[in-house]
1. When you scan region 135-182, how many residues do you find that are of a type outside the set (Ser, Thr, Tyr) and either open to solvent by less than 40 Å² (accessible area, probe 1.4 Å) or in contact with a Phe, Trp or Tyr (Cβ under 7 Å, 6 or more places away or on another chain) (or both)?
2. Would you tally the residues in region 137-158 being farther than 18 Å from Gly114 by Cα and out of contact with any Ser or Thr (no Cβ under 6 Å at 6 or more places or on another chain)?
3. From the set of residues in region 39-59 that are part of a helix (DSSP H, G or I) and over 15 Å from Val181 (Cβ atoms), which is least open to solvent (accessible area, probe 1.4 Å)?
4. Being charged (D, E, K, R), open to solvent by 80 Å² or more (accessible area, probe 1.4 Å) and either part of a helix (DSSP H, G or I) or closer than 19 Å to Asn49 by Cβ (or both) is the filter here, so list the residues in region 79-113 that pass it.
5. Please go through (1) closer than 27 Å to Gly65 by Cα; (2) touching a Leu at 6+ places or on another chain (Cβ under 9 Å); (3) exposed (fewer than 15 other Cβ atoms within 10 Å of the Cβ); (4) not small (Gly, Ala, Ser) for Gln185 and return the number of the only condition it doesn't satisfy.
6. Within region 60-75, track down each residue that is out of contact with any Asp or Glu (no Cβ under 6 Å at 6 or more places or on another chain) and outside any helix (DSSP H, G or I).
7. How about region 141-166: which of its residues are under 21 Å from Cys215 (Cβ atoms) and in contact (Cβ under 8 Å) with a residue 60 or more places away in the chain?
8. Given the residues Arg217, Arg188, which is the only one that is within 24 Å of Ile32 (Cβ to Cβ), among the charged types (D, E, K, R) and out of contact with any Gly (no Cβ under 8 Å at 6 or more places or on another chain)?
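The values are calculated or read from the model by the stated rules, or taken from the named source; none is laboratory data. This one's a predicted model, so the numbers in the text were calculated from it and none came from an experiment. Heads up, the Cβs are rebuilt from the backbone with ideal geometry, glycines too, and the neighbour counts pull from every protein chain shown. Surface areas here come from the heavy atoms of the whole protein model, side chains and all, with no ligands, DNA or RNA. Shrake-Rupley method; radii C 1.70, N 1.55, O 1.52, S 1.80 Å.
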Amino acid sequence: LISRGAEGILCFRDTTHADTDDTEISKTTPLITIGSRACRGAMSMIGFNNRQAMAELALYAVAMGHKNIAYITAHLNKNTFLFERLEGVQDALRHSGISPSELRLYETHSTFDGGSDSFEKLMANDPTTTLVMCSNDILAVGVATKALSMKYNIPSDLSITGFYDLDIARVIEPKLTTVMVPIAQMGRRAAMAMVDFIVNNTMPTGPVLLETRLCIRGTLAPPKQVECV
């Protein structure tokens, strides 16, 4: 990009790989990171707090009474976003007096089938699960589709949550409880900051963390109360 005359670079960062030092690039070309943390050498970072956003959703669900919780995530590998979301769930459990070791964790491909297959394995191993939290909406829709096919009633038998608030979250029935992430706003803010620097030599402020929002919809409800005989 630099050799082709790029006057600025917007870099989306979602990895914790050791090669995230872009100091050499930033010496010749202005660099702004979009994501959850700035790489070394970047003028600024425009993003959101993954960990806090997922913690808020988990705290909301635990406050409803959920304790038997599973978490289905896209393969963690070295993805910063995914690690931070998992940490957010673990933070919420600790805050609520639940050991994070009690969380059932499943890693899979970030696809509908990944969510579906993981849910089938989960319920075979942990049928008392009342809440399945997912690292994104695609996985959550896969879980919901499989759950309905297995005759689970959502949300009275099982609650499901996602992350991102993609269009599909508002299309399925019941509509998906999730977290709205300001994806388009991140891109706009980063681009505007870069243009302002190139045109007006105005140094951007940073890091800038944009607000997320809980979208509480039809897939989340208090767990069934077990009747004593």
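1. Matching residues across region 135-182 total 25.
2. Of region 137-158, the ones farther than 18 Å from Gly114 by Cα are 151-158.
Checking the rest, the ones that are also out of contact with any Ser or Thr (no Cβ under 6 Å at 6 or more places or on another chain) come to 151-153, 156-158.
The total comes to 6.
3. Taking region 39-59 first, the residues part of a helix (DSSP H, G or I) are 50-59.
Among the residues that remain, those that are also over 15 Å from Val181 (Cβ atoms) are: 58-59.
On the way: Ala58: 2, Leu59: 63 Å².
Here the residue is Ala58.
4. Looking only at region 79-113, we keep the residues that are charged (D, E, K, R), and these are 84-85, 87, 91, 94, 102, 104, 107, 113.
Checking which are open to solvent by 80 Å² or more (accessible area, probe 1.4 Å) leaves us with 94, 102, 107, 113.
Once the filter is applied, which keeps residues that are charged (D, E, K, R), open to solvent by 80 Å² or more (accessible area, probe 1.4 Å) and either part of a helix (DSSP H, G or I) or closer than 19 Å to Asn49 by Cβ (or both), region 79-113 yields Arg94, Glu102, Asp113.
5. Unmet for Gln185, out of (1) closer than 27 Å to Gly65 by Cα; (2) touching a Leu at 6+ places or on another chain (Cβ under 9 Å); (3) exposed (fewer than 15 other Cβ atoms within 10 Å of the Cβ); (4) not small (Gly, Ala, Ser): (1).
6. To start, the set of residues in region 60-75 that are out of contact with any Asp or Glu (no Cβ under 6 Å at 6 or more places or on another chain) comprises 60-72, 74.
Answer for region 60-75, where residues must be out of contact with any Asp or Glu (no Cβ under 6 Å at 6 or more places or on another chain) and outside any helix (DSSP H, G or I): Met64, Gly65, His66, Lys67, Asn68, Ile69, Ala70, Tyr71, Ile72, Ala74.
7. Selection gives Val143, Ala144, Ile154, Pro155, Ser156, Ser159, Ile160, Thr161, Phe163.
8. Values: Arg217 fails: within 24 Å of Ile32 (Cβ to Cβ).
Among Arg217, Arg188, only Arg188 is within 24 Å of Ile32 (Cβ to Cβ), among the charged types (D, E, K, R) and out of contact with any Gly (no Cβ under 8 Å at 6 or more places or on another chain).
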